Amino acid sequence: MSDNGRRYAPKDATPRSQNSREFKLNLSEDQLNHTDELEDLQGYAGSRAPQRVEESSAGARSARAERNQKKEAKEHKKRNRVKARKNKRIFAFTWLAMVILVSLTLASYLIGGSNDFLGVDRTDSEVEVTIPENVTQEQLTDILYKNHAIDKPEFFSLFCKFTTEMEYFEPGTYTIKTNYDYKQLVNTLQSGPDLGEEITVMFREGITVQQLAALLEENGLHTADEILEACNSSDYDSYSDVAAITNTSDRYYKLEGYLFPDTYQFFENDTVESILDRFLNNFENKLTDEMRDDIAKSGYTTDQIITLASIIQAEAADTKDMYKVSAVLHNRLESGAEHDIYTLDCDSTVYYPYKTANDAPEGFVSSYSTYDNSGLPAGPICNPGLEAIKAAIYPSEEGSEYYFFCHDSDGTPYYASTMDEHLMNMAEAGLL
């Protein structure tokens, strides 16, 4: 067959080799956006092109992540440095503010203490302060502070600690100016109170606490209420006879019977305590050791003897009568039941602490009444004198058989051993 007679099949424009392979590249949109990577990919040929693209992409990502990490670390350090500088400025400002505040507070405190030491800025007025015996530094500071004589107690206490002997403070009531400096205050309180004029007052035997308080008030020595309140306090338990009282709640006045009647010299600025101390000291001195021994032998307590003496003082007409009245009362207390006598029946006890029915409130009934109660009342009904106390200790032997007594309008006494004799005496005395 000739060549002209052959039929040739058309050939492709580009012959395909048997060993050639079809290559297809899948790229993401993010990879397509990076021209440098595309160029690298386009330069690859042959069968290892896909693997190299993947390796290149992973390396790029790793390098980029490392660069970002370093950049973030750098920015973090930068932020920390800025924050540290800012915190440092805040701390420095806070510290400076605290130093300034503490300095100002301390300066103000010290200036205030210095002004108080000098009496500066305190009002110019007068106050009364009462200094007790054996005053302590703490007590003195508290008294002055509460009375506005000082404003800074801690500074005054420190001043006293290093400059002042506490034993030299004189007890009493002082009038001081509130603008005194510390030295003036101490000097004034150690020089002794201004006692004022001397006042002489006589207290009769048998005077009651109420009458005594009224008499002190009349002489300008405190109010009666102040005296009466003190007479019921425990401020005088340092006296053994007062401390021995066990039934305080049953009494109208605790000190009744122990304020020894006498003539006293007071000062117009004396304290209530110093006034009552005069009475109580006098009482202790009047009761001798011999009298106390005889009281102990009698079977009565001191308080019972003083209670008995107060009734004798109120009932007897005179000193001689006291000892026979004492005999009658002793007989009634010790053997009255043998004669159907169970009470003392003394008129002087009916209205105590008042003297008469006119003095007492309407309808008043005294718990001390010896008509309603057997034995001795809860306490003395007045302040007996020395003779009445002696009569209570040493009753008359002449009256050892008497169980009754009475007096006529002139004070003449009548004594009896039986009720019949007593009724006859009362008729003769004009009492029936």
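The values are calculated or read from the model by the stated rules, or taken from the named source; none is laboratory data. All values derive from a computational prediction rather than experimental measurement. Glycine gets a Cβ as well: all are built from the backbone with ideal geometry, and neighbour counts include every protein chain shown. Remember, those area values only see protein heavy atoms, side chains included, never the ligands or the DNA or RNA. Shrake-Rupley method; radii C 1.70, N 1.55, O 1.52, S 1.80 Å.
The table that follows gives values for the structure above.
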{"quantity": "Yes/no for Tyr182 being open to solvent by less than 40 Å² (accessible area, probe 1.4 Å), among the aromatic types (Phe, Trp, Tyr) and touching a strand residue (DSSP E or B) at 6+ places or on another chain (Cβ under 6 Å)", "calculated": "no"}
{"quantity": "Selected residue (criterion: least open to solvent (accessible area, probe 1.4 Å)) from residues of the range 40-97 that are of a type in the set (Asp, Glu) and at pLDDT below 70", "calculated": "Asp40"}
{"quantity": "Among the candidates Thr370, Thr356, residue that is surrounded by 18 or more Cβ atoms within 10 Å (Cβ to Cβ), assigned to a loop (DSSP other than H, G, I, E, B) and among the polar types (S, T, N, Q)", "calculated": "Thr370"}
{"quantity": "Selected residue [open to solvent by 50 Å² or more (accessible area, probe 1.4 Å) and either part of a loop (DSSP other than H, G, I, E, B) or on the phi > 0 side of the Ramachandran plot (or both)] from Gly430, Gly375, Gly411, Gly399", "calculated": "Gly430"}
{"quantity": "Residue list for the range 378-388, restricted to those being farther than 15 Å from Thr246 by Cβ, open to solvent by less than 30 Å² (accessible area, probe 1.4 Å) and either assigned to a helix (DSSP H, G or I) or not hydrophobic (A, V, I, L, M, F, W, C) (or both)", "calculated": "Asn383, Pro384, Gly385, Ala388"}
{"quantity": "Members of the range 255-280 found to be among the small types (Gly, Ala, Ser) and at pLDDT 95 or above, listed by number", "calculated": "Gly257"}
{"quantity": "Residue in the range 126-137 that is touching a Cys at 6+ places or on another chain (Cβ under 8 Å), hydrophobic (A, V, I, L, M, F, W, C) and either outside any loop (DSSP other than H, G, I, E, B) or surrounded by 12 or more Cβ atoms within 10 Å (Cβ to Cβ) (or both) present", "calculated": "no"}
{"quantity": "Unmet requirement for His339, which otherwise passes all of (1) more than 20 Å from Ile393 (Cα to Cα); (2) touching a helix residue (DSSP H, G or I) at 6+ places or on another chain (Cβ under 9 Å); (3) open to solvent by less than 70 Å² (accessible area, probe 1.4 Å)", "calculated": "(3)"}
{"quantity": "Residues within the range 269-303 that are among the small types (Gly, Ala, Ser), at negative phi and open to solvent by 60 Å² or more (accessible area, probe 1.4 Å), tallied", "calculated": "1"}
{"quantity": "Among residues of the range 234-253, those that are in contact (Cβ under 8 Å) with a residue 40 or more places away in the chain and in contact with a helix residue (DSSP H, G or I) (Cβ under 7 Å, 6 or more places away or on another chain), counted", "calculated": "6"}
{"quantity": "Spans of strands (runs of 3 or more DSSP E) in the range 169-272 with at least 2 residues within 27 Å of the chain's Cα centre (by Cα)", "calculated": "172-177"}
